[in-house]
Number of protein chains: 2
Amino acid sequence: MEKKVTIYDLAKRLGVSPATVSRSLNDHPSISLKTKSKVMLAAEETGYRINKFASNLSLQKSNTIGVIVPKLNSDFMSTVLSGIEKIANDAGYNLIISQSLESEEKEKFNTKTLFESGVDALLVSLANETKTYDHFNTFTNRKIPLLFFDRVINIPDCPTIIIDNLRAGYDATKHLLDQGCRNIMHITHGLNRSAYYQRYVGYKKALDEVKLFEIENLLVLDQFNSREIDSVIAKITASPEPIDGLFVTNDTFAVYCIKALLKAGYRIPDDIKIIGFNNDPVSEVINPELSTIEYPGYRMGVLAGQSILSHLNGSINIESADQILLKHQLIIRQSSRKTTN
Amino acid sequence: MEKKVTIYDLAKRLGVSPATVSRSLNDHPSISLKTKSKVMLAAEETGYRINKFASNLSLQKSNTIGVIVPKLNSDFMSTVLSGIEKIANDAGYNLIISQSLESEEKEKFNTKTLFESGVDALLVSLANETKTYDHFNTFTNRKIPLLFFDRVINIPDCPTIIIDNLRAGYDATKHLLDQGCRNIMHITHGLNRSAYYQRYVGYKKALDEVKLFEIENLLVLDQFNSREIDSVIAKITASPEPIDGLFVTNDTFAVYCIKALLKAGYRIPDDIKIIGFNNDPVSEVINPELSTIEYPGYRMGVLAGQSILSHLNGSINIESADQILLKHQLIIRQSSRKTTN
DNA sequence: ATGAAAGCGCTAACAG
DNA sequence: CTGTTAGCGCTTTCAT
């Protein structure tokens, strides 16, 4: 059991003051090179490690960034997190990551504990359930940088990083129309989150332009899990006018749809054309390959990290913009291509 | 800008001592109910929040658990993390997550910063590169609970959570043999990590039993990324004796292999039978569906969390065992099934 | 049941 | 260039 060694121990050992030790350790300019190296050596020998609690308490900062996401284990989210972690880590920041599991309660709780843990900034992608936003006041009131990504809400002085979801929804739907679809169903998550709502608006806009919008063709799911697939197939088969296009706001679920539809005897893309969302790796694995909207997750993570760091440094530049809009991209693959016959 | 309020502020406001406030807030038994509720109310009204730095400094603990993983963004790892987070969060612990990106240097650095951040325990899945383990001494020397999962190393008093990789490798290979394969190639990650090495040993054992082991059929890849797929195909086509079986220790990469092989004109499972590892969702998306070894990631995360918590509590039970061996399972799907002709 | 006071380990203003 | 000293905010022992 190694004993912990403090700057006082080093000070005593070297016959200098704790302040000198502290300054040396922090490479303060006003310390002679000689003392510095003496201190560093002693620190090395004794296995000295700084106590961050004490340091943080004194400095009133933690070099830690909090992150709240709905769910860790999706390809998209873990990719975003990977980007955030890379940037934060390179800048000497630790990441405290927690998941809300789509629950407003848990999001509130996590917000509270992250605040108390003294994170220097907070990055949030909102739970689907969340309808009130007061729990973020603790951060905004104290001017602690708060940033939303992907699932955002507009709060003064809180930057957001998103893609143009309306446009993306429009692009996806327009593409299906261009391929000849006339009765397009939209399968999405709770419209409570603007990311999803905007995609829906884009979908509606494209259809309104050609007078083909049908409210019955909207299917809002609670989760995107495989248990919900039956209701999808039921709705499709029950449709008075045959469904010939499917815009699903999640690749993984779109893939479930493809599998279920094929099993039910539908031909894809001949009978029904399908487009997903995110460009998850799985979209290239399914047969037929899934058309989708490319969502730059890693870049989003990197930008979220850079943006929050620049806020933390007080530097003003592109990353400290109020809103960053990332480009999405329509990716056309087999699942939605018009069949020439 | 809200001002931060401390227990001193509350004490002054209520005309009691800071000690009483502290005790009330912590529900200490020796404080009258009346004072307690008085304090709680004042805390509520003023928006008091505990300062964890001060608390941690005083208590010498952080209610924080550190986690180091090779890479956040894989289905398997994010699922494990999701399990760990659930358990930790429910027990009132925060998680500081960092990725080594398979680099020994970064793993060392992260170990150091997590130590300095005062985590109460550390959970590690080792980087593939890592060959020395001294950097964990800071933890073991001070008896800070340290646990390895998935990619483990045996260090006294450090529990490990793994599956029986040797047996899993054996099962996978034996299955291919049972399906009639006679020239089975093994595609795996660097054998530096015992998880992979043991799978290799199992593979070899199954083949040795029927005198079919060929060292030339071992292909060790640095990464499992799509850029390496060409070398795989090259090796398969160049094999003097036709390869008729493939045991790939990663589903995602196995899927790349299937796609590339199909494109190269091989029939699966007729010409080559394939089995993967992990039972990632993608294994059910590829056509033909991929046989694989089920790896219980979420359970592993949950158990890792429970195990480390029980160490933290000093309780002795099943979760505080030195080694937990989770059951894997052979899952047979189309990609490896003997074709009846 | 409550208060006084020391201590956790580090930082920084001030003094020399 | 270095030392003294006063916090940072909370916990806890020892009194009362």
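The values are calculated or read from the model by the stated rules, or taken from the named source; none is laboratory data. All values derive from a computational prediction rather than experimental measurement. No Cβ is skipped: glycine too gets one built from the backbone with ideal geometry, and neighbour counts run over all protein chains shown. Keep in mind that these areas ignore ligands, DNA and RNA; they rest on the heavy atoms of the full protein, side chains included. Shrake-Rupley method; radii C 1.70, N 1.55, O 1.52, S 1.80 Å.
Applying the condition of being within 19 Å of the chain's Cα centre (by Cα) and within 14 Å of chain B (Cβ to nearest Cβ) to the range A:258-278 and asking which residue is least open to solvent (accessible area, probe 1.4 Å) yields A:276. Of all residues in the range A:104-125, those satisfying the criterion of being within 11 Å of chain B (Cβ to nearest Cβ), among the hydrophobic types (A, V, I, L, M, F, W, C) and surrounded by 19 or more Cβ atoms within 10 Å (Cβ to Cβ) are A:114, A:115, A:119.
Only residues that are facing chain B (nearest Cβ under 7 Å) and closer than 25 Å to residue A:276 by Cα were counted in the range A:76-100, giving 5. When the residues of the range A:37-50 are filtered to those that are more than 7 Å from chain B (Cβ to nearest Cβ) and open to solvent by 30 Å² or more (accessible area, probe 1.4 Å), the one that is nearest to DNA strand D (Cβ to nearest atom) is A:38. Here residue A:319 meets each of (1) away from chain B (no Cβ under 14 Å); (2) at pLDDT 95 or above; (3) within 18 Å of the chain's Cα centre (by Cα); (4) open to solvent by 30 Å² or more (accessible area, probe 1.4 Å) with one exception, condition (2).
Just one of (1) assigned to a helix (DSSP H, G or I); (2) more than 19 Å from residue A:284 (Cα to Cα) fails for residue B:261. It is (2). Among the residues of the range B:209-222, those that are out of contact with any Pro (no Cβ under 9 Å at 6 or more places or on another chain) and touching a residue at least 12 places away in the same chain (Cβ under 8 Å) comprise B:210, B:212, B:214, B:217, B:218, B:219, B:220, B:221, B:222.
Restricting attention to the range B:115-144, which residues are of a type in the set (Ser, Thr, Tyr) and farther than 25 Å from residue B:91 by Cβ? Correct list: B:130, B:132, B:133.
Among the residues of the range B:60-75, just one is more than 9 Å from chain A (Cβ to nearest Cβ) and open to solvent by 10 Å² or more (accessible area, probe 1.4 Å), namely B:61. Of all residues in the range A:232-257, which are open to solvent by less than 60 Å² (accessible area, probe 1.4 Å) and of a type in the set (Ser, Thr, Tyr)? Listed by number, the residues that qualify are A:239, A:249, A:252.
Restricting attention to the range B:81-107, the residues that are among the small types (Gly, Ala, Ser) and touching a residue at least 60 places away in the same chain (Cβ under 8 Å) add up to 4.
For the range B:60-83, taking the residues that are within 16 Å of DNA strand D (Cβ to nearest atom) and touching a Phe, Trp or Tyr at 6+ places or on another chain (Cβ under 9 Å), the one that is nearest to residue B:122 (Cα to Cα) is identified as B:64. Within the option set A:75, A:134, A:150, being charged (D, E, K, R) and closer than 28 Å to residue B:108 by Cα holds for one residue only, A:75.
Filtered by the rule that a residue be part of a loop (DSSP other than H, G, I, E, B) and open to solvent by 20 Å² or more (accessible area, probe 1.4 Å), the range B:279-293 gives B:279, B:287, B:289.
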